[in-house]
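The values are calculated or read from the model by the stated rules, or taken from the named source; none is laboratory data. All values reported here derive from a predicted model rather than from experimental measurement. So basically every Cβ, Gly included, is an ideal-geometry build from the backbone, and we count neighbours across all protein chains shown. These accessible areas exclude ligands, DNA and RNA; they are computed on the full protein's heavy atoms, side chains included. Shrake-Rupley method; radii C 1.70, N 1.55, O 1.52, S 1.80 Å.
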Amino acid sequence: GSLPLIPLNAGILSAPSRYPKSPQLRYTTRHASHKITITEQHIIFSTLSDFDDVARRTAPLPASVSSQILHETRILSKMAFNKMFVMLPVMLAARKLDGEDPDVIFMLRCAYGAVQSIAVMVVIFIYLKARAAASDRGNAIKIYVTPPPQPFADPNAKQQYQEKILSDHLTTTARGLLGSTVFGICMTVGLHMWKGMVVGLAIQSVMAPFNLVENALVSAIFLKGGLVDLKEKKIFGEKLRSEITDDDEVVDGEGNAIVLKKEIAPKANKDNSPKKETKSFEDVLLDTWDLGADADIKPLMGMLSKKNINFATSDNGWTPIMIMSGLGAKSAPGAMRQMKALGANPAKLDKEGWNALHWAAFHGSADAAKVLLAKNDYDGIALGLHEVVDKEGKTAITHAKDEGNDDVAKVIEEAELPDVGDGAAGEGLRKRK
């Protein structure tokens, strides 16, 4: 009687193949005449009395098994605390529906169709918003998120985290939400049409909004002001590298532990005062980008040389000229001219196929675009910067127009106009690649 009720999303019972190998689950399912069902994240008992009835009519569970099941269900009850008290009366009420009454079936179909249609539209909207947020270069940072909870995990184990790229995790989470929503609809409708089940229709007509709100992206967009300032909001409950402690364990997708490089504390001077921390060039480059238009570019400019002027970051292939082109700082144009003297290459591409002009166009840096395209600066038209197509099939001017950066688009269009020299008409046109 102490085991809480953990409801199954959509009312669909299933037993994934990886779980029956567990001796505890074999014991439970072998003796339980009224369905103890296992899913990836839930242990479900149809009612509390059902579990008690099973216990009375079968051999008692071993103490270790009962203790483990109790521990898991307590954990799961915390995860589904809010929905539990809504789901219980809904399940009990759904059982009393007359599944043979044509009027009841018709009303359930109408309610389910209306709710799920709205849900699908919301999910598609969430997916598009997530993709837009993922394209923001500021979200291409490493984060550490907790993996999905696993049944029968060691309660005394360290808190585990998986290393992700925030932009990739946004897209993956949105894609997972879309896929699970469509799959749930297909499964519920399929069982209804095949077996005449109406309980799933009734439950999901009520529970669909609650299921959506539980998703981190839905909650962030509708309840937390949208997918902006994600580094501060931490909508996935994630940690940054600097926040990982000795009590945390970083694992890969298969649960294997990963050893992170330790952050070396700065050595003390002879007078025991700590030495000033020396950042790598990549850290300075990325820190400059993180600060945006308010960034102090002096540390970065002070570290630039002919050897590292075309350095590319390890994760995304960003170069100093790309960062400066999209930064939007007032001192960026002058800095870009200094970079040119060191041999900066604006035609170099990052991992998404963007050159420096793509960066300026996407982020609305009209002054940077002028420097990149001016004949007496980088002469980007001669380099063909405006013609480069990225992995999405977009040129720089396409990005400028898509983002509403009309001033940048105008700069590119004017630079593309034929340049007539002092010779006869038709002569002196600048050749383009």
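Taken across the range 329-348, residues that are touching a His at 6+ places or on another chain (Cβ under 9 Å) and either in contact (Cβ under 8 Å) with a residue 12 or more places away in the chain or under 28 Å from PRO299 (Cα atoms) (or both) do not occur at all. Can you pull out the residues in the range 90-137 that are modelled with pLDDT under 80 and loosely packed, with under 14 Cβ neighbours inside 10 Å? Hits for the range 90-137 are LEU92, ALA93, ARG95, LYS96, ASP98, GLU100. The set of residues from the range 206-262 being hydroxyl-bearing (Ser, Thr, Tyr) and modelled with pLDDT under 85 comprises SER242, THR245. Take the range 269-296 and flag every residue that is part of a loop (DSSP other than H, G, I, E, B) and either exposed (fewer than 13 other Cβ atoms within 10 Å of the Cβ) or at pLDDT 90 or above (or both). Listed by number, the residues that qualify are ASN269, LYS270, ASP271, ASN272, SER273, LYS275, LYS276, GLU277, THR278, SER280, ASP296. Looking across the range 361-407, the residues that are under 25 Å from the mean Cα position of the chain (by Cα), under 19 Å from ASN316 (Cβ atoms) and buried (at least 18 other Cβ atoms within 10 Å of the Cβ) come down to ALA361, PHE362, HIS363, ASP390, LYS394, HIS399.
If you check GLY334 against the conditions, is it surrounded by fewer than 20 Cβ atoms within 10 Å (Cβ to Cβ) and under 22 Å from ALA134 (Cα atoms)? Considered against the rule, which asks whether it is surrounded by fewer than 20 Cβ atoms within 10 Å (Cβ to Cβ) and under 22 Å from ALA134 (Cα atoms), GLY334 comes out as no. Pairing each residue of the range 287-301 that is touching a residue at least 12 places away in the same chain (Cβ under 8 Å) with any residue that is assigned to a loop (DSSP other than H, G, I, E, B) and open to solvent by less than 80 Å² (accessible area, probe 1.4 Å), provided the two are 6+ apart or on different chains, yields C-beta distances under 7 Å for THR288/ALA295; THR288/ILE297; GLY292/GLY328; ALA293/GLY328; ALA293/ALA329; ALA295/ALA329; ILE297/ALA329; ILE297/SER331.
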